[in-house]
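Take a look at the structure below.
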Amino acid sequence: MFALIAVAVLAALPAACQLGYAIGRAASRPDDHELENIVHWQNGVLAIAGLLIGFSFSMATTRYDARKQVLVAEASAIENAHQRTYLVDEQAGEELRELLRRYVAGRVALFEMGVDRARIEREEQADAELAEQMWRRAAAVARADPHAVTTGLLLQSLNRMRDLAADRRDARENPVPWTVFLVLILSSTVAMASVGYACGLTGKRLPFGMVVIPLLVAGVIVLVYDLASPQVGIMRPGDQMFLRLQQRL
């Protein structure tokens, strides 16, 4: 899906520029006053597109950083919980470690599920059930020895782990609104058409204006979409971190 969107954007903006050039070539030659107005309009449209790109980039990077921080904290909480399982008796500790290994496998699987909501919901539910089993097993150990400080530390880690799982879900379900990308692409398309139109009026295909600028703008839009799409993009924070954690457990 990401590759399709990237190709579509990279093709659409240069095509819009070519369309604008064709319209400009077909238009009557403007006088100097009209040409000056056309340049002002073109600058205004380009400024709007630039403003929207900057606004969208800011939204995407903010959400990207938030997701990254949640994943770092979640991996740390899981590792802390794993280490603290060694503070309880061997049988209960081994049961908890096995549940943690299954839990981490589920958290890793979420990275590969794309935007399949049904699969994500099933995996989230399975992970929540594993977390509940761990909590009940640790609570049973705590009831057996209510004065043990070590069991309290384990319960604290398991609580933190569950809270961060909820934060991770909230971060995933709060992407940049699709309407932002729609307006961004439409404004950029109009801006690139205006560049082509200006070139068409002069009858000159300027490579920088008709090739480099559309591809550059399209590349920035694809980058913003990648940052804003944790489930389908290339830059997905945390997947390698969780794979390493899975290997250590």
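When you go through L4, L96, L51 one by one, which is the residue that is assigned to a helix (DSSP H, G or I), of a type in the set (A, V, I, L, M) and in contact (Cβ under 8 Å) with a residue 24 or more places away in the chain?
L96
Among the candidates D89, D127, D65, single out the residue that is surrounded by fewer than 17 Cβ atoms within 10 Å (Cβ to Cβ) and more than 30 Å from I213 (Cα to Cα).
Checking each option against the conditions leaves just D89.
Can you tell me which residue is farthest from the chain's Cα centre (by Cα) among those in the stretch 139-187 that are under 21 Å from Y64 (Cβ atoms) and polar (S, T, N, Q)?
T179
Can you name the residue in the stretch 186-197 that is in contact (Cβ under 8 Å) with a residue 60 or more places away in the chain and surrounded by fewer than 21 Cβ atoms within 10 Å (Cβ to Cβ) and, of all such residues, is farthest from F2 (Cα to Cα)?
Among those that are in contact (Cβ under 8 Å) with a residue 60 or more places away in the chain and surrounded by fewer than 21 Cβ atoms within 10 Å (Cβ to Cβ), it is V190.
Could you say which residue among A171, A138 is among the small types (G, A, S), closer than 30 Å to G93 by Cα and in a helix (DSSP H, G or I)?
Answer to the check: A138.
If I filter the stretch 105-124 down to residues being in contact with a helix residue (DSSP H, G or I) (Cβ under 9 Å, 6 or more places away or on another chain) and not in a helix (DSSP H, G or I), which single residue comes out as surrounded by the fewest Cβ atoms within 10 Å (Cβ to Cβ)?
Within the stretch 105-124, the match that is surrounded by the fewest Cβ atoms within 10 Å (Cβ to Cβ) is G114.
I'm checking my understanding of the structure. Among residues of the stretch 202-218 that are of a type in the set (A, V, I, L, M, F, W, C) and surrounded by fewer than 19 Cβ atoms within 10 Å (Cβ to Cβ), which one is modelled with the lowest pLDDT?
The selected residue is L206.
Tell me, which residue of the stretch 150-198 that is at pLDDT below 85 and in contact with a Leu (Cβ under 9 Å, 6 or more places away or on another chain) is nearest to A126 (Cα to Cα)?
That would be R172.
Could you check the stretch 17-60 and list, in sequence order, the residues that are loosely packed, with under 14 Cβ neighbours inside 10 Å and of a type in the set (D, E, K, R)?
R29, D31, D32, E34, E36
Cβ-Cβ under 6 Å, sequence separation 6+ or interchain: first residue in the stretch 152-170 and more than 14 Å from L99 (Cβ to Cβ) and touching a residue at least 24 places away in the same chain (Cβ under 8 Å), partner among the acidic types (D, E) and assigned to a helix (DSSP H, G or I). Which pairs?
L164/E74; R168/E74
For I5, only one of the following conditions fails: (1) at pLDDT 85 or above; (2) buried (at least 17 other Cβ atoms within 10 Å of the Cβ). What is its number?
(1)
Since P237 meets every condition but one in (1) over 30 Å from A109 (Cβ atoms); (2) touching a residue at least 40 places away in the same chain (Cβ under 8 Å); (3) not in a helix (DSSP H, G or I), which condition does it not meet?
Result: P237 passes all but (1).
Taking the stretch 141-168 only, how many residues are not in a helix (DSSP H, G or I) and not charged (D, E, K, R)?
Counting residues in the stretch 141-168 that are not in a helix (DSSP H, G or I) and not charged (D, E, K, R) gives 3.
The values are calculated or read from the model by the stated rules, or taken from the named source; none is laboratory data. What you are looking at is a predicted structure, and each value in this text was computed from that prediction instead of being measured. So basically every Cβ, Gly included, is an ideal-geometry build from the backbone, and we count neighbours across all protein chains shown.
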